[in-house]
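The values are calculated or read from the model by the stated rules, or taken from the named source; none is laboratory data. All figures in this text were calculated on a predicted structure; none of them were measured in a lab. Cβ: placed from backbone, ideal geometry, glycine included. Neighbour counts: every protein chain shown. The area values use the complete protein model at the heavy-atom level, side chains included, leaving out ligands, DNA and RNA. Shrake-Rupley method; radii C 1.70, N 1.55, O 1.52, S 1.80 Å.
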Amino acid sequence: MRAALLHGPGDLRVEEVAEPEGEVLVRVAAATACGTDVKMLRHGHRVLEPYPARFGHETAGVREDTGERVLVGDSVACGTCPPCCAGRPQVCRAMRWVLGGFAERIAAPAAALHAIPDGLDLPGAAMPEPLAACVHAVARAGRSDAADAADVAVLGGGTMGLMIARLLVLEGRDVTLCDRHPERRAQAEALGARAVERLAAHDLVFEAVGRPEAWRAAVEAAAPGGTVVLVGGCPGGTDVSLAAGALHYDELDVRGAFHHSRAEVDSAIGLLAFGAIDWRALAGETVGLDALGEALARPAGGEARKLIVDPSA
Ligand SMILES: [Zn+2]
Ligand SMILES: [Zn+2]
């Protein structure tokens, strides 16, 4: 079968490879791409296997054994480590990653699979992974002092920022999204948020960019006593300096949000299947495996839309 393999930073090759081995074989119908895939291509990533490595972690397809349509979840938490026992599987210490969606077939443990409801098309069925991380980010704020804040801001209008904004609009909050691209501000407004080029002070701020300067800007945009949720991941090992005055004298609550649980993936599937989140508003062009490398290397700009890979195209 054909698969996209990473051979090193910036080195993506589409090759004929052996069938993947694992519990359940799934024929990939749609695999969506995100900033993590761009990072994996450019710099490698801690969750990749040694090179040559398969990647692609937002994957929907059809089980070869039963014909059932499934989302292939990108991870299975161990269930026994201290965070898992404490109900925090997002930070499992022994996470089993399931990568390889950019291929004609992927093998996955049955525990990673989720049934796709009728009526949800396969490209949309590949998107619960990032949406589940957004569901988790909103839940992280729900356990803070700003849990019920009406005035909420989102810094960054990429697909994650837009998903977070939409979830907050659905909760009836007054949402302001900040992005320098006018096309993304227009997308945010279409989802029911207000859109600005610069944030003022807000009770609850979600950062969805993943760069040190954006983390600092999110802290600066929090009102005294407010909460900041850092959703965008800076590369591990990055030192980020934050304003001590705001953290201490303004009693800011700054918290990270990473990944998702199996239940959060199921919530995300429901939101996409029943139309609360319109995946078509976030869907971009569809490419085959051969065009993937060029598409991931293209500079981001304009509207925020997810690349869809159809391995049979
Ligand atoms: Zn992703
Ligand atoms: Zn665990």
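If you check Gly100, Gly157, which single one turns out to be touching a residue at least 12 places away in the same chain (Cβ under 8 Å), of a type outside the set (A, V, I, L, M, F, W, C) and either surrounded by fewer than 23 Cβ atoms within 10 Å (Cβ to Cβ) or over 30 Å from Glu49 (Cβ atoms) (or both)?
Numbers: Gly100 fails: either surrounded by fewer than 23 Cβ atoms within 10 Å (Cβ to Cβ) or over 30 Å from Glu49 (Cβ atoms) (or both).
Exactly one of Gly100, Gly157 is touching a residue at least 12 places away in the same chain (Cβ under 8 Å), of a type outside the set (A, V, I, L, M, F, W, C) and either surrounded by fewer than 23 Cβ atoms within 10 Å (Cβ to Cβ) or over 30 Å from Glu49 (Cβ atoms) (or both), namely Gly157.
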When Val209 is evaluated against the numbered criteria (1) among the β-branched types (Val, Ile, Thr); (2) open to solvent by less than 40 Å² (accessible area, probe 1.4 Å); (3) under 27 Å from Gly56 (Cβ atoms), which criterion, by number, is the only one it fails? (2)
Look at Leu99 and say whether it is away from ligand 2 (no atom under 16 Å from the Cβ), of a type outside the set (Lys, Arg) and touching a strand residue (DSSP E or B) at 6+ places or on another chain (Cβ under 8 Å). yes
Among the residues of region 294-313, what is the count of those that are open to solvent by less than 20 Å² (accessible area, probe 1.4 Å) and either under 12 Å from Thr32 (Cα atoms) or not in a loop (DSSP other than H, G, I, E, B) (or both)? 6
Enumeration of residues in region 41-71 that are in contact with a helix residue (DSSP H, G or I) (Cβ under 9 Å, 6 or more places away or on another chain), away from ligand 2 (no atom under 16 Å from the Cβ) and not in a strand (DSSP E or B): Leu41, Arg42, His45, Leu48, Phe55, Gly56, His57, Glu58
Pairing a residue in region 55-68 that is modelled with pLDDT of 95 or more with any residue that is of a type in the set (S, T, N, Q), where Cβ atoms lie under 8 Å and the two sit 6 or more apart in sequence or on different chains, gives His57/Thr36; Glu58/Thr32
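With Ala108, Ala77, Ala112, Ala94 as the choices, which residue is open to solvent by less than 30 Å² (accessible area, probe 1.4 Å), in contact with a Ser or Thr (Cβ under 9 Å, 6 or more places away or on another chain), more than 30 Å from Pro182 (Cα to Cα) and within 16 Å of ligand 2 (Cβ to nearest atom)?
Numbers: Ala108 fails: within 16 Å of ligand 2 (Cβ to nearest atom); Ala77 fails: open to solvent by less than 30 Å² (accessible area, probe 1.4 Å); Ala94 fails: open to solvent by less than 30 Å² (accessible area, probe 1.4 Å).
Being open to solvent by less than 30 Å² (accessible area, probe 1.4 Å), in contact with a Ser or Thr (Cβ under 9 Å, 6 or more places away or on another chain), more than 30 Å from Pro182 (Cα to Cα) and within 16 Å of ligand 2 (Cβ to nearest atom) holds for just one of Ala108, Ala77, Ala112, Ala94, which is Ala112.
Across region 170-196, which residue is least open to solvent (accessible area, probe 1.4 Å) among those that are over 23 Å from Gly233 (Cα atoms) and of a type in the set (D, E, K, R)? Outline the logic, then answer.
At the first step, the residues of region 170-196 found to be over 23 Å from Gly233 (Cα atoms) are 170-174, 182-183, 186, 189-194.
Subsequent filtering for residues that are of a type in the set (D, E, K, R) retains 171, 173-174, 183, 189, 194.
Values: Glu171: 103, Arg173: 41, Asp174: 75, Glu183: 78, Glu189: 106, Arg194: 117 Å².
Within region 170-196, the match that is least open to solvent (accessible area, probe 1.4 Å) is Arg173.
I need the full set of residues from region 52-106 which are of a type in the set (Val, Ile, Thr), more than 27 Å from His7 (Cβ to Cβ) and within 17 Å of the chain's Cα centre (by Cα), in order please.
The initial filter retains those residues of region 52-106 that are of a type in the set (Val, Ile, Thr), namely 59, 62, 66, 70, 72, 76, 80, 91, 98, 106.
From what is left, the residues that are more than 27 Å from His7 (Cβ to Cβ) are 62, 66, 70, 80, 91.
Correct list: Val91 only.
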Every residue from region 43-56 that is within 15 Å of ligand 1 (Cβ to nearest atom) and closer than 21 Å to Pro299 by Cα: His45, Phe55, Gly56
Just one of Leu167, Leu199 is under 21 Å from Arg255 (Cα atoms), hydrophobic (A, V, I, L, M, F, W, C) and surrounded by 22 or more Cβ atoms within 10 Å (Cβ to Cβ); which is it? Leu167
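Restricted to region 238-269, and to residues that are among the β-branched types (Val, Ile, Thr) and free of Cβ contacts under 8 Å to residues at least 60 places away in the same chain, which residue is surrounded by the fewest Cβ atoms within 10 Å (Cβ to Cβ)?
Thr238
Out of curiosity, is Pro123 away from ligand 2 (no atom under 14 Å from the Cβ) and either part of a loop (DSSP other than H, G, I, E, B) or not aromatic (Phe, Trp, Tyr) (or both)? Reasoning before the result, please.
Values: away from ligand 2 (no atom under 14 Å from the Cβ): yes; either part of a loop (DSSP other than H, G, I, E, B) or not aromatic (Phe, Trp, Tyr) (or both): yes.
Yes, satisfied.
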Of all residues in region 72-98, count the ones that are more than 16 Å from ligand 1 (Cβ to nearest atom) and assigned to a loop (DSSP other than H, G, I, E, B). 11
Name the residues in region 99-135 that are within 16 Å of ligand 1 (Cβ to nearest atom), more than 15 Å from Asp74 (Cα to Cα) and out of contact with any Leu (no Cβ under 7 Å at 6 or more places or on another chain), would you? Pro123
Please indicate, with yes or no, whether at least one residue in region 138-148 is at pLDDT 95 or above, open to solvent by less than 30 Å² (accessible area, probe 1.4 Å) and within 16 Å of ligand 1 (Cβ to nearest atom). no
